[in-house]
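Report on the following structure.
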Amino acid sequence: MSRLLIKPKHGTGRVTHVTPESAGWTYVGFDLHKLEPGDTFGDWTADRETCLVLVSGKAHVRVGEDDLGMLGERMSPFEGKPWSVYVPAGGDWSVRADTNVELAVCTAPGLGGNLPVRVIGPDDVKQETRGKGTNTRYVTNILPEGDPADSLLVVEVITPGGHTSSYPPHKHDEDNLPAESLLEETYYHRLNPSQGFAFQRVYTEFNDAGHREIDEAMAVEDGDVTLVPKGYHPCAACHGYDLYYLNVMAGPKRTWKFHNAKEHEWLLKA
């Protein structure tokens, strides 16, 4: 099995657990919890900031002494906009499920920005359409670089069946601003209908010996997480199955500056 493909555990509770240590990198952490009505889960952020994303379901959320009330409205990531909560480093939080809940816990280093807790509701997120033709996909910016955070960038994308995404292939693995930023990235994938599959390739440039350090093509199923430590990382959704993914990115600078694969840039002008 690919070292970049993380399969979820069956059942409820924490079904996916990615830490900087397990991924072999420095910045991004990602957990996915499946909760049933009445289940409660909480944690302390320590020195890492956190973005809680209600991928689906409704839950009562508390951060420290602040009762944020009942959040969430969509029962599927393919329906409507998400509810999320930003929790700075040094905070504790808890979630009590009112319905079946998929909770994504996105983390990255806190840098002492002393930012406040905030709810990010459907009216707070901006949506955009990228690409054209069969490269069209729909983007919801949950925690973009224009919004306050120390390290985290969080976005979700829906790619219709038969379309490509994160395409033409691009990368962001060099700390070479303003041309390119270094960002690690996770993809949390969902398929509609759930028995479908999609494809993702992660690959680097050829080195001087004519080899690629990374070149993996993965069949992605519902609930899988893919790791992008470096390199280009396009996706393709198969006909009949829409692809949702939640991206978490972080690096030494909180900005998304990417480099397109030169051999495929002509697609942007086609």
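The values are calculated or read from the model by the stated rules, or taken from the named source; none is laboratory data. Computed from a predicted model, the values in this text were never measured in an experiment. All Cβ positions, glycine included, derive from the backbone under ideal geometry; neighbour counts span all protein chains shown. Each accessible area value is taken on the protein alone, full model and side chains, heavy atoms only, with ligands, DNA and RNA left out. Shrake-Rupley method; radii C 1.70, N 1.55, O 1.52, S 1.80 Å.
Some notes on this structure:
- For the pair the range 180-242 and the range 39-73, the centres of their Cα atoms are 28 angstrom apart.
- Every Cα-Cα pair of the range 85-233 was included, and the share exceeding 22 Å stands at 52 percent.
- With eigenvalues of the C-alpha gyration tensor scaled by 5 and rooted, the chain, Å: 29, 21, 17
- The range 33-75, Cα convex hull volume normalised per residue, Å³: 88 Å³
- Nearest-0.05 FRET efficiency for Asn114 and Ser194, computed from C-beta distance (R0 51 Å): 0.80
- Absence of a disulfide-compatible partner, taken as no other cysteine beta carbon within less than 4.7 angstrom, is noted in the chain for Cys235, Cys238.
- Chain lengthening between Asp208 and Thr99 when straightened (0.36 nm per residue, less Cα-Cα): 33.9 nm
- Within the accessible area of the range 173-270 (1.4 Å probe), percent carbon and sulfur: 52 percent
- Accessible surface for Phe197 stands near 90 Å², nearest 10, in the context of the full protein assembly shown (1.4 Å probe).
- Here's how it looks for Asp98: its modeled amide H is under 5 Å from those of Gly38, Lys58, Ala59, His60, which are all 5 or more places away or on a different chain.
- Within the listed set Pro178, Pro234, Pro122, the Gaussian network model of the chain (springs between alpha-carbon atoms below 10 Å) gives the highest mean-square fluctuation for Pro178.
- His33 accessible area, assembled protein chains, probe 1.4 Å, Å²: 0 Å²
- Of Lys34/Lys257; Lys9/Lys253; Lys132/Lys257; Lys126/Lys262; Lys7/Lys58; Lys7/Lys126, pairs whose Cα-Cα distance is over 28 Å: Lys34/Lys257; Lys9/Lys253; Lys126/Lys262; Lys7/Lys126
- Probe 1.4 Å - accessible area at Ser22, Å² to nearest ten: 80 Å²
- Computed on protein heavy atoms with a 1.4 Å probe, the accessible areas place Glu21, Glu174, Glu180 in the order Glu21, Glu174, Glu180, largest first.
- Scaled against 2.2 N^0.38 Å for its residue count N, the alpha carbon radius of gyration of the range 4-147 is 1.06.
- Per-residue Karplus couplings for the range 96-102, computed as 6.51 cos²θ - 1.76 cosθ + 1.60 with θ equal to phi - 60°, are listed in order as 10, 6, 9, 10, 4, 10, 10 Hz, Gly and Pro entered as x.
- Applying 0.36 nm per residue to the separation of Asp215 and Ser2 and subtracting their alpha-carbon distance, the gain on full extension is 75.7 nm.
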